[in-house]
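Right, one structure below, let's go through it.
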Amino acid sequence: MSDLPKNDVTYVLRETVESWRKRITASQASQARKDFMATGQMCQTFFSGAMGLMWDDKFRAAHLGNMPAPKFRLTIAKAFELVAIMGPSVMWDYAGRVIKGRAIPELPRRVFGPVDDESAEQRYQLHVDDRETILALQDTRNMLMESYLNYAQREQPGGLIKESHKAIIDAIVKGRGCLRTDTYTFPGSDRVLTKSEHFQVEDLFVDPGCKDPTLRDCYWIAIRRKSSYWELERKFKLPRNSLKYKASGESITSIATNNSAEDEQLRKVGQTNDTIVWYEIWSKEGIGTRTTNVRGTVADVFEELIGDFAYMAICDGVEYPLNLPPHLMRKASDDDARTALDWPVPYYKDGRWPISLLDFHMLPGSCWPMAPMAMGLGELVFLNVVISVLCERCAESCRTNGLVADSIGDDIIKALKDSSFSGWTTFPQSMVEHVDKLIHYVQTPEIKTDVFKIIDIISDMFDRRTGLVDLMYGMNPGGKVDRSATDSANKQEAVSVRPDWMMRCAESWQTEVADLERIAAGWSVQGSHLVDLLGEDGAQMWDELIANEDPEVYVRQMRATLEANSIKKPNKFRDNANIQQTIGYILPILKEHWNISGDPVPLNNYIKSLADAMEQDADSWLLPETQGQGPSPEEAAAQQAEAEAEQQKRQLDLESATENIRGKKLRNEKLESESTPAAPMVSEPPLNPQYPVEPTLPVQQDSNPEELQAQLMALASSGVY
């Protein structure tokens, strides 16, 4: 194999696979990842480790300087309390997914031309019609995608809520929770659906040069997976048993069934292995030849054919990508090779990776976050050491230790040693009077109260770092009673800051999950897969508006959001109290609307909200649609009279405005005549001063009220009157 020409396909693929193994090794050895993993492993130990795990030889050597182990080896369950308290507040239920499209602005009429231009009017009407059509198609597309996404998260195996809870526990304990979005089919079915599954953060490998917590400057990621060899052969359509002897691990089933003496001999040489550790790689820097010494025509063809975005699946012992073995590469067309090495779902079209990460505490300048318990590990170790030693001291203090004189006799000494918690021992009469002198009980020193004060201080320090304060347990600090409702409200607001922040991080995370599933669904799901969900017509519209559309439609023109507080634990008492406060003034308005219009929807929505807060079924309470009574004759007459009065008021206002303009004009003319020099004499006959000429109004007297009002408004805007 080493003598292969460097321009051979097999050689290029082998060197490419080897370069990716080196990249993964470099990622695993990066200091930032090692520090994160060490801290996360220690936090996981305190969360789910065995009792007394801290006193294991390996742990004592690494963290306690080989301190001797006490008889009572306690592990304080602070990590479990953190998960039990914070976990439910982060995500209580499935997220209500909502799809929104891009806003399409409506252009003003004046930009199309003059008002009296018929062609401009036609262009404007065409713009309005096109916009309404686009919005109708967009709303339909969003509705279809929204229905699917809310269906898919419940339909996937186990449900997204369980996968999310696993990732949330990882985020609280280790510092990062991971979900991977992919497509799947149920056995015996050709329906393609989407899912988001949890995977361990230890199986995530990131470009060691990445420094951004959101992976924006990351060029590749890899996920370590473990599968049976035959599953891998099916997934990548490889020849049967082609990977059987590449397996590096053995499943529990194989160990249990292959237990004969012959099997033991085969096990020594790895012949019973049936599991393979392999890696999925998503790259934004091509298939990996750019940073290697691989050169030549084949490497150039790969670069030109695949481009920046490549997908590789590799495993130890196999010198070619599992998704493009050499025998397929030699006979594959350009399109086949491009499809095999392209991302299964092109999340890169929206600048995304196929994973969604939940981090509560990012570290600027590092792609690895900080665990919530990281800053309290020192206090937690101290508490476990002190309390374990203190328990041993208490046990020693409960023992009865004494000194006895040899002269008392061997029989009595033996009886004293054999006595349990209580008992009687016979003494000669001559010794009874001298018992106090012959027997002396040794009392161990008292435990200083300073120890308990130190424990309280250290425990309080840990609680402050992690948020496990008394208010989270429903208790007031120090057992004190609040003096006022304001005091209680202030404490509640302060203590909810951290859980609210964690829930906000979870909402952003679930939005990212929904967006990944949106892209995967648009790329892989066909309408025929959704007939049961959308019906025949809906499935046809899915194909027309989503599956057969340009990917830019569902990648760029859609965005997923979450309904407000949809993942939060509902506060039924608060909701019920709020609704009860609104019944007095909301219910009469809704009832009047129903009586007049016959539309029960607003009132039924209110009834549903009330029933939900009371945890009752609202179906039997809902009101039917009616014809509506309309206003009574008296109400109609009153409305007519009110309309007429309003019309009269507008007329009077108009007349008043007209008189004001007339007065202003006369006043302006008088001032102008007083300030202007007398005009020269003309030969016209003098006017009779007894009958002055009426000033000419700038408006027409015979105009209707609407025209008159328009003229007056024009005069007022001119600033003359």
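Listing for the model above:
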| read-out | value |
| --- | --- |
| Members of segment 312-356 found to be assigned to a helix (DSSP H, G or I) and either β-branched (Val, Ile, Thr) or in contact with a Gly (Cβ under 6 Å, 6 or more places away or on another chain) (or both), listed by number | 339 |
| Test: residue in segment 562-572 that is more than 30 Å from residue 145 (Cβ to Cβ) and part of a helix (DSSP H, G or I) | yes |
| Failed condition for residue 289, given (1) of a type outside the set (Phe, Trp, Tyr); (2) exposed (fewer than 14 other Cβ atoms within 10 Å of the Cβ); (3) part of a loop (DSSP other than H, G, I, E, B) | (2) |
| Criterion: among the polar types (S, T, N, Q), out of contact with any Cys (no Cβ under 9 Å at 6 or more places or on another chain) and at pLDDT 75 or above - qualifying residue of 476, 384, 401 | 384 |
| Residue match in segment 309-318 (condition: touching a strand residue (DSSP E or B) at 6+ places or on another chain (Cβ under 9 Å) and either at pLDDT below 90 or charged (D, E, K, R) (or both)) | yes |
| Residue 58, sole failed condition from (1) out of contact with any Lys or Arg (no Cβ under 9 Å at 6 or more places or on another chain); (2) in a helix (DSSP H, G or I); (3) within 27 Å of residue 85 (Cα to Cα) | (3) |
| Output for segment 358-369, where each listed residue is crowded, with 22+ Cβ neighbours inside 10 Å and farther than 12 Å from residue 174 by Cβ | 367 |
| Counted residues, segment 283-308 - those being modelled with pLDDT under 75 and over 37 Å from the mean Cα position of the chain (by Cα) | 11 |
| Residue in segment 124-141 that is of a type in the set (D, E, K, R), within 30 Å of residue 567 (Cβ to Cβ) and touching a strand residue (DSSP E or B) at 6+ places or on another chain (Cβ under 7 Å) present | no |
| Pairs with Cβ under 7 Å, 6+ apart, first in segment 32-55 and more than 13 Å from residue 374 (Cα to Cα) and of a type in the set (Lys, Arg), second at pLDDT 80 or above and not in a loop (DSSP other than H, G, I, E, B) | 33/27 |
| Residues located in segment 52-104, provided they are basic (Lys, Arg), more than 33 Å from the chain's Cα centre (by Cα) and surrounded by 14 or more Cβ atoms within 10 Å (Cβ to Cβ) | 60, 73 |
| Filter result for residue 338 (among the charged types (D, E, K, R), within 27 Å of residue 192 (Cα to Cα) and at pLDDT below 95) | yes |
| Lone qualifier among 637, 645 - being loosely packed, with under 15 Cβ neighbours inside 10 Å, at pLDDT 80 or above and in a helix (DSSP H, G or I) | 645 |
| Any hit, segment 59-69, residues being touching an Asp or Glu at 6+ places or on another chain (Cβ under 7 Å), farther than 26 Å from residue 511 by Cα and among the basic types (Lys, Arg) | no |
| Scan of segment 234-264 for residues that are part of a helix (DSSP H, G or I) and among the hydrophobic types (A, V, I, L, M, F, W, C), ordered by number | 252, 255, 256, 261 |
| Extreme residue, modelled with the lowest pLDDT, among residues of segment 438-455 that are surrounded by 10 or more Cβ atoms within 10 Å (Cβ to Cβ) and assigned to a helix (DSSP H, G or I) | 438 |
| Among the candidates 114, 157, residue that is modelled with pLDDT under 90 and assigned to a loop (DSSP other than H, G, I, E, B) | 114 |
| Matching residues, segment 125-183, being touching a Phe, Trp or Tyr at 6+ places or on another chain (Cβ under 9 Å), surrounded by 22 or more Cβ atoms within 10 Å (Cβ to Cβ) and small (Gly, Ala, Ser) | 164, 167, 171, 175, 177 |
| Unique match (being touching a Lys or Arg at 6+ places or on another chain (Cβ under 7 Å) and among the acidic types (Asp, Glu)) among 81, 121, 106 | 106 |
| Residues satisfying the stated conditions in segment 184-214, i.e. surrounded by fewer than 21 Cβ atoms within 10 Å (Cβ to Cβ), within 20 Å of the chain's Cα centre (by Cα) and under 29 Å from residue 547 (Cβ atoms) | 197, 198, 199 |
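A quick yes/no check of all residues on (1) modelled with pLDDT of 95 or more; (2) closer than 21 Å to residue 102 by Cβ; (3) surrounded by 15 or more Cβ atoms within 10 Å (Cβ to Cβ); (4) out of contact with any Phe, Trp or Tyr (no Cβ under 7 Å at 6 or more places or on another chain):
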{"residue": "517", "(1), (2), (3), (4)": "yes, yes, yes, yes"}
{"residue": "529", "(1), (2), (3), (4)": "no, no, yes, yes"}
{"residue": "559", "(1), (2), (3), (4)": "no, yes, yes, yes"}
{"residue": "562", "(1), (2), (3), (4)": "no, yes, yes, yes"}
{"residue": "565", "(1), (2), (3), (4)": "no, no, no, yes"}
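Residues are listed down the side, and each one gets a yes or a no for (1) touching a residue at least 60 places away in the same chain (Cβ under 8 Å); (2) of a type in the set (S, T, N, Q); (3) under 30 Å from residue 397 (Cα atoms):
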position	(1), (2), (3)
24	yes, no, no
58	no, no, no
66	no, yes, yes
85	yes, no, no
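The values are calculated or read from the model by the stated rules, or taken from the named source; none is laboratory data. Owing to the predicted nature of the structure, the values given are computational and were not obtained by experimental measurement. Note that each Cβ is placed from the backbone with ideal geometry, even for glycine, and that neighbours are counted across all protein chains shown.
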